[in-house]
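Worksheet: one structure, shown below.
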Amino acid sequence: LQLGFGALFSSSADKTIRRYDVRGEHAETLSWDAHNHSITCMACAERLELLCSGAEDGRICLWKVGADAATCSGTFTIRPAHHHASNLAIYALAVDPVSGDVLFSGGADYRVHMVDLRARTMLHTLCGHTSTVRALCFTPDTNLLCSSGGDFNLSVWSLGGSPQRRTTRDTPHSVD
């Protein structure tokens, strides 16, 4: 689920994105076929009026969402540096809340990738996880990016200048 543009967006393994009105009846107002593989994450770049979606095939699509239709305005494919697969799943997306034009993606290649949404180019790759990156978010003060994954690490990235990383490790435990 993703909130943005005064609406709620949902996506799933059915490869579609649906938009719902958050005011009034909460009715579905738009639906479109978005990917060829399961959609695993979304993020809104509201300043650029883009909805970003990531999928299991390593593709990120950038959507201009209008009143009656959504148009793909660009795609990226995250290709692993050293891996047998040609593309690896994207599991997390976040947009830099300060600039509003840098997209961060995390996934099965154990890395966090930074993409300039205006220039449509890869900016930087953050390395350090030893398993799939499953979640990304920014701290409320917007200066720090947090990433976590299957390695049970929480990495906190300072993005000013060259990115710097601090890591905490928590051992997995069961919840009763």
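Can you order the peptides 16-25, 97-106, 131-140 by their average number of other Cβ atoms within 10 Å per residue, highest first? Could you put the intermediate results ahead of the total?
Values: 16-25: 13.9, 97-106: 19.7, 131-140: 16.4.
Packing proxy ranking, top to bottom: 97-106, 131-140, 16-25.
Give me the percent relative contact order of the stretch 1-133, please, defined on Cα pairs under 8 angstrom at least 6 residues apart. Here the relative contact order equals 15 percent.
What percentages, rounded to whole numbers, describe P(r) for the chain computed over all alpha carbon pairs with 5 Å bin width beginning at zero? Histogram of Cα-Cα distances, whole percents per bin: 1, 8, 17, 21, 19, 16, 10, 6, 2, 0. Carbon-plus-sulfur accessible fraction, the chain (probe radius 1.4 Å, protein heavy atoms only): 49%.
The values are calculated or read from the model by the stated rules, or taken from the named source; none is laboratory data. Just so you know, these numbers come straight off a predicted model, no measurement behind them. Methodologically, a virtual Cβ is constructed for each residue, glycine included, from the backbone with ideal geometry; neighbour enumeration extends over all protein chains shown. Ligands, DNA and RNA are stripped out before the accessible areas are found, and what is left, the full protein with its side chains, is counted by its heavy atoms. Shrake-Rupley method; radii C 1.70, N 1.55, O 1.52, S 1.80 Å.
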